[in-house]
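Report on one structure; see the data block that follows.
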Amino acid sequence: MVMAPAAERILLYDGLCPLCNGAVRFVLRRDRRGAVRFAPLQGETARAILGRHPALEGVDALVLVEVGQGSGMEKVFVRSEAVLRVASALGLPWRAASAARAIPRVLRDAAYDLLARTRHRAFGRNAACPAPDAAVAARFLP
């Protein structure tokens, strides 16, 4: 494990994907404690994080980076596990989604990958990462 930027949780997402941007808006509306920060996969924060984790090279999925309190150590989670950990961070009722961990990860990730492969056909692609509203801009990293 290695040092991470000063944040408890950072969700890396495809900034050019309308579905991924919708997921970010979903989290923003429900994360009243501000537990999750965001960085597009196309940005410098994501490049730095992914550079520290070579196993994630070429990843085209949601990535959640959790920074240990006090230790500064980071753990990364991808695909369905990233989604479930974000849901847990949102508190109730979203924490109940962790019951999906009873489904083997290989099956959860297969469903995630199917959606990921078809998301651009189904939802299109943005020409650029949308700028966040001023009210939440501080939660977005470059």
Checklist entry - Which of these, Ala48, Ala99, Ala116, has the largest mean-square fluctuation under a Gaussian network model of the chain (Cα springs below 10 Å)? => result Ala99
Checklist outcome for this item: Mean separation of Cα contacts under 8 Å (at least 6 apart) over the residue count of the stretch 9-131, i.e. the relative contact order in percent, is 32
Item to check | Where GluC sites (Glu not before Pro) fall in DSSP loop in the stretch 46-142, at most 10 other Cβ within 10 Å | outcome: Glu57
Checklist entry - Calculated from the structure, P(r) over Cα pairs in 10 Å bins from 0, in percent equals which of (1) 12, 46, 33, 7, 2, 0; (2) 11, 42, 39, 7, 0; (3) 11, 36, 28, 14, 8, 3, 0? => result (2)
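Coordinate-derived values only; no laboratory data. Every value quoted in this text rests on a predicted model; they were computed, and no experiment measured them. Every residue, glycine as well, gets a Cβ built from its backbone with ideal geometry; the counts of neighbours run over all protein chains shown.
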